[in-house]
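What follows is one structure encoded as structure tokens, with my remarks underneath.
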Amino acid sequence: MIASALMAAVLIAAPDGPQDGLIVDRGRLDRRTPLPDAAQAPAATMEPAASADAPVAPFVLRAVDIRTPPVVAEDIQRAVDPFIGQTLDNEGLARLRATVSAALSRRAALPIVAIDTRESANGVLRITAAPGKVGRVAIYGDIKPDVELMRGYAGRLAAEAPLTRETAERYLSLIADIPGAKTTLESVPSATPGATDLGFDVDFTRWVVETDINNRGSQALGRTQVTGAVTLNGGFRMGDQTRLAVTVPTDPERFQFVSLSHRQPIGSDGMAVSLAAGRLRTRLDGLDGDATTLSAVVSWPMIRSYRRNLVLSAGLDGLNSDNAVFGNLVATEKVRALRGSAAFGQIMTNATLNASATLSRGIDGLGAEVDAFTDADFTKFNGRIDAARAFGRTMRLSGAVAVQYSDDRTPTAELFSLGGTDFGRGFGSGLLVGDSG
């Protein structure tokens, strides 16, 4: 077993990229499992416009008649109690309405609050508060791609009445997760009683070009590596994403790595399938090597909200290597593996916590070939915890713990490595590797 911990006070967050030790394992489930941005939501929200109130003479509030569903009655009562005995005018009534709306929004996504002031001269108000629902939905703006996926998510919002906060956060977050789509949410009162109409204004980015320079590569393949990538969003329909990436060192003769991936959504509940292929060519001291990777992963966000996420994934991947260099090791092997993972993320007031666990099982079949000192049907466990705590606006304490355990002799491409971006930043990628112990 190899375990590693790193704790340091830093001014920036830990990198979000995968462990870069062996190149061919980038994006694999047993490395860092990506999570969606827990705080991500549509770019802007406009609350339903409140109707103008007639001027009300100042009065002392002595009693409130609350009419609301029993499940939220106590929450509303606690919100109203501090106002008893206060002198209220129109401004005070606006504060009372906002307070009641905030209390109701802890459970309901679109709270409807009405205040009857006809008995205000006697110090009595009647408050009607109820969870709201979605009326009509409109999608407009840059909608050249097929918008069926966004329409499916919006349909989930409209199908629930009343609309709970949990459901609203889930599907508004999934809308914000659509690759290339920047969405502004607009809301207006609906002609349907107790409902709010929603509008999604879409600004779609089809092409994205990225470059990255990393000086923490392996000593054998080159410490400084350059990656260029081109991403196509919505190539077939809204929600899919295709990415082509090329990585080479400053001495391109040492290696070239090309990867192509495609992500396709399934249904309207956040599930997606991702397919990826990679080709690595290495040349070290006159030894030519190459490796080919293929993978398929299905993922589903069991929990998706603004502050908490839980993503479940399962996948099958394969590697064919012929004298390819992984880190500082040379391998000739054909590996097949099934993997299952769970990744959890939580955002707190001044802290974040991410954790993931992956179980991998090698397949002694499907063309797998390893040497006599390696187990093709290996089993291994990978776990990782990342945490960060902010102190003021300029200081953050962050730490990460990663572990891999196997009681088998794992193939070279399955080894856990130290060095590089995540652990051992002062050393090159793949400086130290291991599988059990």
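Being crowded, with 16+ Cβ neighbours inside 10 Å and part of a strand (DSSP E or B), is that true of even one residue in segment 203-215? Write out each step before concluding.
Residues of segment 203-215 crowded, with 16+ Cβ neighbours inside 10 Å: 204, 214.
From the residues that got through so far, the ones that are part of a strand (DSSP E or B) too are 204, 214.
The answer is yes; a qualifying residue exists.
The set of residues in segment 376-407 that are more than 23 Å from Leu366 (Cβ to Cβ) and of a type in the set (Asp, Glu) contains only Asp386.
Screening Val134 on (1) buried (at least 19 other Cβ atoms within 10 Å of the Cβ); (2) assigned to a helix (DSSP H, G or I); (3) out of contact with any Pro (no Cβ under 8 Å at 6 or more places or on another chain) shows it passes everything except condition (2).
Which of the residues belonging to segment 230-267 are at pLDDT 95 or above and of a type in the set (Ser, Thr, Tyr)? Correct list: Thr231, Thr242, Ser259, Ser261. Looking at segment 216-232, can you tell me whether even one residue there is within 24 Å of the chain's Cα centre (by Cα), of a type in the set (Gly, Ala, Ser) and on the phi < 0 side of the Ramachandran plot? Within segment 216-232, one or more residues are within 24 Å of the chain's Cα centre (by Cα), of a type in the set (Gly, Ala, Ser) and on the phi < 0 side of the Ramachandran plot. Among the criteria (1) closer than 30 Å to Val56 by Cβ; (2) at pLDDT 95 or above, the one Leu157 does not fulfil is (1).
Being assigned to a loop (DSSP other than H, G, I, E, B), touching an Asp or Glu at 6+ places or on another chain (Cβ under 6 Å) and not assigned by TED's automatic domain parsing to the domain that holds Ser173 is the requirement here; does Gly235 meet it?
Values: assigned to a loop (DSSP other than H, G, I, E, B): yes; touching an Asp or Glu at 6+ places or on another chain (Cβ under 6 Å): no; not assigned by TED's automatic domain parsing to the domain that holds Ser173: yes.
Answer is no for this residue.
Each residue in segment 157-186 was checked for being surrounded by fewer than 20 Cβ atoms within 10 Å (Cβ to Cβ), part of a helix (DSSP H, G or I) and touching a Ser or Thr at 6+ places or on another chain (Cβ under 8 Å), and 3 pass. Determine, yes or no, whether Thr196 is outside the structural domain of Pro265 (by TED's automatic domain parsing), assigned to a strand (DSSP E or B), in contact with a strand residue (DSSP E or B) (Cβ under 6 Å, 6 or more places away or on another chain) and not charged (D, E, K, R). So Thr196 passes the test. Taken over segment 101-111, the criterion of being in a loop (DSSP other than H, G, I, E, B) and either in contact with a strand residue (DSSP E or B) (Cβ under 9 Å, 6 or more places away or on another chain) or without any contact (Cβ under 8 Å) to a residue 12 or more places away in the chain (or both) is satisfied by Arg107, Ala109, Leu110.
Any chance segment 276-292 includes a residue that's touching a residue at least 12 places away in the same chain (Cβ under 8 Å), in contact with a helix residue (DSSP H, G or I) (Cβ under 6 Å, 6 or more places away or on another chain) and over 19 Å from Thr227 (Cβ atoms)? Checked segment 276-292: no residue is touching a residue at least 12 places away in the same chain (Cβ under 8 Å), in contact with a helix residue (DSSP H, G or I) (Cβ under 6 Å, 6 or more places away or on another chain) and over 19 Å from Thr227 (Cβ atoms).
Return yes when Val230 is over 23 Å from Tyr153 (Cα atoms), assigned by TED's automatic domain parsing to the domain that holds Ser356 and touching a strand residue (DSSP E or B) at 6+ places or on another chain (Cβ under 9 Å) and no when it is not. Against the criterion (over 23 Å from Tyr153 (Cα atoms), assigned by TED's automatic domain parsing to the domain that holds Ser356 and touching a strand residue (DSSP E or B) at 6+ places or on another chain (Cβ under 9 Å)), Val230 qualifies. So is Ile178 touching a residue at least 60 places away in the same chain (Cβ under 8 Å) and either among the aromatic types (Phe, Trp, Tyr) or within 27 Å of Val311 (Cβ to Cβ) (or both) or not? Answer is yes for this residue. Screening the candidates Ala79, Ala73, Ala98, Ala114 for the property of being of a type in the set (Gly, Ala, Ser), in contact (Cβ under 8 Å) with a residue 12 or more places away in the chain and either assigned by TED's automatic domain parsing to the domain that holds Val188 or part of a helix (DSSP H, G or I) (or both) yields one hit, Ala79.
Taken over segment 332-370, residues that are among the aliphatic types (A, V, I, L, M), crowded, with 21+ Cβ neighbours inside 10 Å and touching a Leu at 6+ places or on another chain (Cβ under 9 Å) amount to 3.
The values are calculated or read from the model by the stated rules, or taken from the named source; none is laboratory data. Since this is a predicted model, take the numbers as computed values, not measurements. Quick reminder, even Gly has a Cβ in these numbers, built from the backbone with ideal geometry, and neighbours come from all protein chains shown.
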